[in-house]
Amino acid sequence: MRVLGIESSCDETGVALVETRGEQVPKLLAQALHSQIAMHRNYGGVVPELASRDHIRRVLPLTEQVLQQAGCRLAAVDVIAYTKGPGLAGALLVGAGVACALAAALDKPVLGVHHLEGHLLSPFLSADPPQFPFVALLVSGGHTQLMRVDGVGRYALLGETIDDAAGEAFDKSAKLLGLPYPGGPVLAQLAEGGDPQAFALPRPLLRGGNLDFSFAGLKTAVWTQAQRLGPQLERHKADLAASTQAAIVDVLVRKSLLALQQTGLQRLVVAGGVGANQMLRRQLNAACGDAGIRVHYPELALCTDNGAMIALAAAMRLQAGLQPPTKDWSFDVKPRWPLESLVASSAEN
C-alpha cells in the first residue's frame with residue numbers, strides 16, 4: 001500500500017510517499033519540502049494569508065516531484081493523507097482541499113492526520129527506529145509535552161506546558177535580543193559562541209516531581225536582563241543567548257529524566273523542531289547514556305514539519321487498524337486539536 005502525505009499546517013509545504021511492508025515500519029520512497037522562511041523574514045514571523053497562498057503555489061509541483069522521484073504514477077497511490085490539524089486554519093485548508101480533490105478525481109480514500117502524531121512517530125523513519133513502549137518528549141512549535149507511548153494511538157499525557165512552549169521560549173527570547181526570524185535556530189547558533197553560565201536565568205517547575213512545563217517566566221527574565229544591559233547588550237548578546245538556551249535545555253533534560261524514572265521505561269524519543277537543537281541532543285545523550293537509556297531522534301531533515309511524517313502516521317494507523325480510510329471527500333480542519341482527543345477516538349475505533 002502506498003500512502004501520499006501532504007503537510008501544510010504552517011510555513012512548510014511538504015509532500016511524501018511511503019509504502020507499507022506487512023507489519024514492518026513503512027518505507028519512505030520520496031519526499032519534497034519547501035520552506036517559507038525567506039518570505040516571512042521581512043515580517044518577523046509567519047503571515048497566515050501569505051502562508052496559505054504559497055501552499056497553493058507549491059503543493060502540486062511538489063507532488064509531481066515526489067512521484068517522479070519515486071517512479072510512481074499518481075493512479076498507483078492507494079491512500080492520500082493530509083494534515084487535518086492543529087495549525088493555521090487557512091494553511092490547513094489548502095492541504096486538505098488538494099488531498100480530497102485528488103482523491104475524488106482518482107476515486108481513492110483519504111485520511112486526515114494529527115500533526116503532532118506525525119512528529120511523535122517521525123523517529124521511526126530514522127536509521128535507528130525506536131520500539132514501543134517509550135517516553136516521548138514532543139517539542140514542536142507551540143507544543144511541549146511528555147507522553148508515555150505504548151503503541152500507535154496508545155498515548156498517555158504525562159505533562160505539558162502551562163504557558164509558553166520551549167519553541168516559543170526560543171523564538172520570543174530571540175526577538176527580545178533583536179535576532180532575525182526564525183529566532184530559535186538563530187539564537188541557538190549565536191549561543192554556541194557564548195557562556196551558558198554568564199546569566200542566572202530561572203528553571204521553572206523543577207521541584208516536587210511535576211512533569212509540566214512553564215517558560216513564560218524565562219522570557220520575562222531574558223527581557224529584564226536585556227533591559228539591565230542596555231547599550232552593553234550587543235557585547236553580551238552571545239552570553240545571554242547561551243544562558244537562555246541552557247535554561248531551556250536544562251528543564252527539558254531534567255523533566256525527561258524524571259518522566260523516565262516515574263514510568264520505569266528505558267527508552268526516550270525526542271520529536272519536533274526543537275529536537276534538532278544540538279545542545280539538547282548532547283545533554284540528553286550524556287544524561288541518558290549514564291543511566292543506560294536509549295534515546296531516539298528523527299533525522300535532522302525530518303525535525304521540522306514535513307510530508308514524510310504525515311504519510312508515515314497515516315500508514316502506521318492503517319497498519320494498526322485504528323482508522324480506516326474513507327471515500328468521503330468532504331473535509332474540515334481542526335486548527336486546535338488536542339492529541340488526547342485522538343487517543344479517545346482511537347479507543348472507540
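The values are calculated or read from the model by the stated rules, or taken from the named source; none is laboratory data. Since we're looking at a predicted model, the values are computed, not measured. Positions of Cβ are backbone-derived with ideal geometry, glycine not excepted, and every protein chain shown enters the neighbour counts. Please note that ligands, DNA and RNA were not included when accessible areas were found on the heavy atoms of the full protein model with its side chains. Shrake-Rupley method; radii C 1.70, N 1.55, O 1.52, S 1.80 Å.
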TODO: Residue by residue through the stretch 335-349, note down the ones that are touching a strand residue (DSSP E or B) at 6+ places or on another chain (Cβ under 8 Å) and at pLDDT 80 or above.
DONE: 335, 336, 337, 339
Task: Selection within the stretch 116-128 - open to solvent by 10 Å² or more (accessible area, probe 1.4 Å) and modelled with pLDDT of 95 or more - done: 124, 125
TODO: Taking only the stretch 73-103 into account, find how many residues are over 21 Å from residue 52 (Cβ atoms), open to solvent by 10 Å² or more (accessible area, probe 1.4 Å) and among the hydrophobic types (A, V, I, L, M, F, W, C).
DONE: 3
Task: Scan of the stretch 32-57 for residues that are of a type outside the set (Val, Ile, Thr), open to solvent by 60 Å² or more (accessible area, probe 1.4 Å) and in contact (Cβ under 8 Å) with a residue 12 or more places away in the chain, ordered by number - done: 33, 41, 43, 48, 49
TODO: Could you tell me whether residue 133 is within 18 Å of the chain's Cα centre (by Cα), more than 17 Å from residue 14 (Cα to Cα) and open to solvent by 20 Å² or more (accessible area, probe 1.4 Å)?
DONE: no
- [ ] Consider only pairs whose beta carbons are under 9 Å apart and that are at least six residues apart or on different chains; among these, list those whose first residue lies in the stretch 266-291 and is within 15 Å of residue 303 (Cβ to Cβ) and whose second residue is surrounded by fewer than 16 Cβ atoms within 10 Å (Cβ to Cβ) and at pLDDT 95 or above.
- [x] 278/192; 279/192
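Condition first: open to solvent by less than 10 Å² (accessible area, probe 1.4 Å) and touching an Asp or Glu at 6+ places or on another chain (Cβ under 9 Å). Now tell me which residues in the stretch 312-322 satisfy that. Spell out the reasoning first.
Filtering the stretch 312-322 for residues open to solvent by less than 10 Å² (accessible area, probe 1.4 Å) gives 312-315, 317.
Listed by number, the residues that qualify are 313, 315, 317.
Among the residues of the stretch 1-31, write down those that are part of a strand (DSSP E or B), surrounded by 23 or more Cβ atoms within 10 Å (Cβ to Cβ) and within 18 Å of the chain's Cα centre (by Cα). Explain how you work it out, then say what you get.
First, the residues of the stretch 1-31 that are part of a strand (DSSP E or B): 2-7, 12-21, 24-31.
Applying the additional criterion that residues be surrounded by 23 or more Cβ atoms within 10 Å (Cβ to Cβ) yields 3-7, 13-18, 26, 31.
Scanning the stretch 1-31 gives 5, 6, 7, 13, 14, 15, 16, 31.
In this structure, is residue 304 touching a residue at least 40 places away in the same chain (Cβ under 8 Å), among the hydroxyl-bearing types (Ser, Thr, Tyr) and touching a helix residue (DSSP H, G or I) at 6+ places or on another chain (Cβ under 7 Å)? Working first, answer last.
Numbers: touching a residue at least 40 places away in the same chain (Cβ under 8 Å): yes; among the hydroxyl-bearing types (Ser, Thr, Tyr): yes; touching a helix residue (DSSP H, G or I) at 6+ places or on another chain (Cβ under 7 Å): yes.
So residue 304 fits the description; yes.
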Open item on the list: I'm trying to understand the selection: among the residues of the stretch 177-200, which are buried (at least 20 other Cβ atoms within 10 Å of the Cβ), hydrophobic (A, V, I, L, M, F, W, C) and assigned to a helix (DSSP H, G or I)?
Closed with: 187, 188, 190, 191
Task: Matching entry among 161, 144 (being open to solvent by 20 Å² or more (accessible area, probe 1.4 Å) and under 22 Å from the mean Cα position of the chain (by Cα)) - done: 161
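Among the residues of the stretch 301-317, write down those that are modelled with pLDDT of 95 or more and not acidic (Asp, Glu). Show your work before the answer.
Just the residues of the stretch 301-317 that are modelled with pLDDT of 95 or more, to begin with: 305-317.
If the condition is that a residue be modelled with pLDDT of 95 or more and not acidic (Asp, Glu), then 306, 307, 308, 309, 310, 311, 312, 313, 314, 315, 316, 317 are the ones that fit.
Can you name the helices (runs of 4 or more DSSP H) wholly within the stretch 86-176 that have at least 3 residues being within 26 Å of residue 76 (Cα to Cα)?
Working: elements: 89-106, 115-121, 166-176.
The helices (runs of 4 or more DSSP H) meeting that bar are 89-106, 115-121.
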- [ ] Evaluate the following for residue 301: is it within 24 Å of residue 63 (Cα to Cα) and open to solvent by 20 Å² or more (accessible area, probe 1.4 Å)?
- [x] yes
Open item on the list: Among the residues in the stretch 246-255, are any farther than 19 Å from residue 171 by Cβ, in contact (Cβ under 8 Å) with a residue 60 or more places away in the chain and crowded, with 16+ Cβ neighbours inside 10 Å?
Closed with: yes
